[in-house]
Amino acid sequence: MSRNDGAPNWLRRMPTGYHIAQKIIARAAGRDAVMPGEIVTCSVDLALLLDSGGPRRIWPRLIELGVGVWDPDKIVVVTDHFTPAVDAESAAILKLTRDFVREFAIPRFFDMQGIGHVVLAENGLVQPGMFACGGDSHSSNGGAFGCYMAGFGAIEMTGVVVTGEIWLQVPRAVRVNWSGAFGAGVAAKDVMLLLCRELGIDNAHHVIEFGGDTVAAMSMNERTTLTNMAAELGAETGIVEPDETTLAAIRAAGQEPAADALRWRSDADADYAAVHAFDAAALAPQVAAPHSPANSGPVDSFADVPVDQAYIGACVGAKLSDLRMAAAVLRGRRVAAGTRLMVAPASQRVIREATADGTLQTLVDAGAYLLPTGCGACAALGAGILAEDEVCISSTNRNFRGRMGANSASVYLGSPYTVAASAVAGRIADPREMLSQEPGSDPA
Amino acid sequence: MTQIGGAAWVFGDGVDTDVMAPGLYFKASMDVMARHCMEAIDPEFAARIVPGDIVVAGRNFGVGSAREQAPMALQHLGVGAILAESYGRIFYRNALNFGIPTLVFPQAGEIAAGDRLCIDPLAGRIENRTQARTYTVAGLPEHLLAMIAAGGLMPYLKQRIAARGAS
């Protein structure tokens, strides 16, 4: 299934081609070419600042340094972690974020419009060939658009905001090819939960490049699920080579991609650290058990785990496509007594679109409890936090101990299909069974 | 950067940033946040660590989020250095940016809790005085030495800005 390049350097045929991330890094570093392992300094095309690790942590440092921001036009600010304000502290953080935007005249500010990674995608702000940094680990989300976008801490983003530059060790690339079509009830989320197990979650110094006909057939929403969770793989970032689907999404967002946007591709003879191939048709819905995304297996290995809460939310798990997956399972069904289903759509646009197409109606008819858009319970910041010993199945990306609240709570990760099916069953359940049955005919 | 000495606090593989800096305390002061650092896996850690003590861990230390509060909480508690087999990528950069000596230590598994360690981070020398063993590992990354010598990214940025102003 894999081709691991274990040959010593002197035996390896000299590669002549480059992978897409290598080409983007070379461009951003002002070089003709860069090689894996090299340390380079890159110019940043876009810096994403969120209310969590953004202005509240960066502004005091700018004051201490006595400087402003390097280029307000290259900064995007989004409020999402502390929205809506629920106490004096969160209100103050949001106010500070708005004051920062005014002080430095930052033109692109999305206040309470949704989760930053999703908002960037919705507005066509991440484009092929860009080199971008975000002050949040799931900034890898943007890589779905054929750009190099990685997450960094607020201290490092302070450096970016002051200098417009960041250092990088050029990563090696791991190519992950998927072929074939998913069965009913299977989605990109299942791909990532399987990969967390198969590739492990310590892929530092590597960029994960997703490809194959399965990925080519995916919507941009589903592709961002792949690159978003490259963060869970511990990779530098994830990336998908751009194609017509990418360009169409950027145009639909009202932006015009560069005329040569599709030149950002990996060469056929690019040097990969490993190439993996998987069959989408053979993929079953996956669930990751507490307390690591790598602790995953087919859904039936977790059947009959009772759940107190089913949560559909976060950048990775509450896009329009995710809400539609949940609705496909919930149509004509009810959430089980004793289980609560909570839905926090990833953006205001998702709410508008899911209202227009009836998806939200289906969810609330099934008994879903609607929450405001934002990062919410995924990081124990907003509504939907878990109590001691509670069990949750969640469409989010992390299930570390204490991630969604109490340290003794258990968080299982699954696709929106699996979360919805589990909400109906009151225990972890295989969505394929419900999707193949008429509502009302199931024993529950 | 001078030598660092202290007792070893030993952790396993995959210690994530959520247990170092739990989201529940994001809005609280660093004093409060640090009191809950590692609580989910070692409730004694924050109360009992002595400034200068050294965190020793297995693979992928600091996996997870970009939250800089993770290394900040360790630094606030007085952690003198971090030695792990490997690191979560953002945590590693954050820790060095705060000037915390952070070394890749493949033999971390040979250290026992409470061992007295003495470290020269620039030379990559780790002495276990309890076990009377000395290790040599890769020192701090060469391209970051100027930043680390300055004491971290903030003092380094100050130097660069001052140099820019003077030129």
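The values are calculated or read from the model by the stated rules, or taken from the named source; none is laboratory data. What you are looking at is a predicted structure, and each value in this text was computed from that prediction instead of being measured. Here the Cβ is made from the backbone with ideal geometry for all residues, glycine too, and neighbour counts use every protein chain on show. Note: accessible area is taken over every heavy atom of the protein model, side chains too, but ligands, DNA and RNA are not part of it. Shrake-Rupley method; radii C 1.70, N 1.55, O 1.52, S 1.80 Å.
Scanning segment A:51-64 for residues that are touching a Gly at 6+ places or on another chain (Cβ under 9 Å), in a helix (DSSP H, G or I) and not aliphatic (A, V, I, L, M) gives a single hit, A:ARG57.
When you go through B:GLU39, B:GLU68, B:GLU85, B:GLU44 one by one, which is the residue that is open to solvent by 40 Å² or more (accessible area, probe 1.4 Å), modelled with pLDDT of 95 or more and within 14 Å of the chain's Cα centre (by Cα)? Within the list B:GLU39, B:GLU68, B:GLU85, B:GLU44, the selection yields B:GLU85. Within segment B:17-30, is even one residue in a strand (DSSP E or B), buried (at least 20 other Cβ atoms within 10 Å of the Cβ) and touching a residue at least 60 places away in the same chain (Cβ under 8 Å)? For segment B:17-30, residues in a strand (DSSP E or B), buried (at least 20 other Cβ atoms within 10 Å of the Cβ) and touching a residue at least 60 places away in the same chain (Cβ under 8 Å): absent. The residue that is most open to solvent (accessible area, probe 1.4 Å), counting only those in segment A:408-427 that are touching a Pro at 6+ places or on another chain (Cβ under 8 Å) and farther than 21 Å from A:SER137 by Cβ, is A:ARG427. Within segment B:141-167, being out of contact with any Ser or Thr (no Cβ under 8 Å at 6 or more places or on another chain) and either hydrophobic (A, V, I, L, M, F, W, C) or more than 28 Å from A:ALA154 (Cα to Cα) (or both) holds for B:LEU144, B:LEU145, B:ALA146, B:MET147, B:ILE148, B:ALA149, B:ALA150, B:ILE161, B:ALA162, B:ALA163, B:ALA166, B:SER167.
Whether a residue is within 16 Å of the chain's Cα centre (by Cα) and open to solvent by 10 Å² or more (accessible area, probe 1.4 Å) was assessed, and B:GLY165 does not pass this test. Taken together, the criteria exclude A:GLY211 from residues that are open to solvent by less than 10 Å² (accessible area, probe 1.4 Å), touching a strand residue (DSSP E or B) at 6+ places or on another chain (Cβ under 6 Å) and within 9 Å of chain B (Cβ to nearest Cβ). Residues in segment A:368-380 that are assigned to a loop (DSSP other than H, G, I, E, B), of a type outside the set (Ser, Thr, Tyr) and surrounded by 23 or more Cβ atoms within 10 Å (Cβ to Cβ): A:ALA368, A:GLY374, A:CYS375. For segment B:88-100, indicate whether the set of residues that are of a type in the set (Lys, Arg) and within 13 Å of another protein chain (Cβ to nearest Cβ) is non-empty. Yes, some residue in segment B:88-100 is of a type in the set (Lys, Arg) and within 13 Å of another protein chain (Cβ to nearest Cβ).
Counted as qualifying within segment A:313-365 are the helices (runs of 4 or more DSSP H) with 1 or more residues that are open to solvent by 50 Å² or more (accessible area, probe 1.4 Å), namely A:320-330, A:348-356, A:359-365. Is it the case, given these coordinates, that A:PRO431 is more than 20 Å from the chain's Cα centre (by Cα), surrounded by fewer than 24 Cβ atoms within 10 Å (Cβ to Cβ) and under 20 Å from A:VAL364 (Cβ atoms)? When the stated conditions are applied, A:PRO431 does not pass them. When A:ARG251, A:ARG223, A:ARG324, A:ARG263 are checked against the criterion of being of a type in the set (Lys, Arg) and within 15 Å of the chain's Cα centre (by Cα), a single residue qualifies: A:ARG223.
Scanning segment B:124-157 for residues that are at positive phi and more than 10 Å from chain A (Cβ to nearest Cβ) yields B:GLY124, B:ALA132, B:GLY151.
Evaluation of A:ALA383 against the conditions (1) surrounded by fewer than 24 Cβ atoms within 10 Å (Cβ to Cβ); (2) more than 21 Å from the chain's Cα centre (by Cα) shows that the sole unmet condition is (2). List the number of the failed condition for A:VAL275; all other conditions in (1) assigned to a helix (DSSP H, G or I); (2) crowded, with 17+ Cβ neighbours inside 10 Å hold. The number of the failed condition is (1).
When A:VAL411 is tested against (1) assigned to a strand (DSSP E or B); (2) at positive phi, only condition (2) is not met.
Of all residues in segment B:123-138, those being within 16 Å of the chain's Cα centre (by Cα) and surrounded by fewer than 16 Cβ atoms within 10 Å (Cβ to Cβ) number 1. Can you say whether A:PHE152 is among the aromatic types (Phe, Trp, Tyr), open to solvent by less than 20 Å² (accessible area, probe 1.4 Å), within 10 Å of chain B (Cβ to nearest Cβ) and over 20 Å from A:THR396 (Cβ atoms), as far as the supplied structure shows? In short, yes.
Against the definition (without any contact (Cβ under 8 Å) to a residue 24 or more places away in the chain and either open to solvent by less than 10 Å² (accessible area, probe 1.4 Å) or facing chain A (nearest Cβ under 9 Å) (or both)), how does B:ARG59 come out, yes or no? Against the criterion (without any contact (Cβ under 8 Å) to a residue 24 or more places away in the chain and either open to solvent by less than 10 Å² (accessible area, probe 1.4 Å) or facing chain A (nearest Cβ under 9 Å) (or both)), B:ARG59 does not qualify. For residues in segment A:155-205 being away from chain B (no Cβ under 14 Å) and open to solvent by 40 Å² or more (accessible area, probe 1.4 Å), which is nearest to A:SER296 (Cα to Cα)? Once the filter is applied, the top-ranked residue is A:GLU198. For B:PRO155, indicate whether it is open to solvent by 10 Å² or more (accessible area, probe 1.4 Å), in a loop (DSSP other than H, G, I, E, B) and over 20 Å from B:GLN3 (Cβ atoms). No. Of the set (1) open to solvent by less than 40 Å² (accessible area, probe 1.4 Å); (2) in contact (Cβ under 8 Å) with a residue 60 or more places away in the chain; (3) more than 10 Å from chain A (Cβ to nearest Cβ), all apply to B:LEU74 but (2). Would you confirm whether any residue within segment A:120-132 is open to solvent by 10 Å² or more (accessible area, probe 1.4 Å), under 17 Å from A:VAL207 (Cβ atoms) and outside the structural domain of A:ALA318 (by TED's automatic domain parsing)? Scanning segment A:120-132, I find at least one residue that is open to solvent by 10 Å² or more (accessible area, probe 1.4 Å), under 17 Å from A:VAL207 (Cβ atoms) and outside the structural domain of A:ALA318 (by TED's automatic domain parsing), so the answer is yes. Within segment B:27-56, the set of residues being of a type in the set (Val, Ile, Thr) and away from chain A (no Cβ under 12 Å) comprises B:ILE49, B:VAL50, B:ILE54, B:VAL55, B:VAL56. Inside segment A:57-85, residues that are open to solvent by 10 Å² or more (accessible area, probe 1.4 Å), at the interface with chain B (Cβ under 10 Å from one of its Cβ atoms) and in contact (Cβ under 8 Å) with a residue 12 or more places away in the chain make up a count of 5. Kindly check whether there is at least one residue in segment A:14-22 that is under 22 Å from A:ASN177 (Cβ atoms), part of a loop (DSSP other than H, G, I, E, B) and at pLDDT below 95. The answer is yes; a qualifying residue exists.
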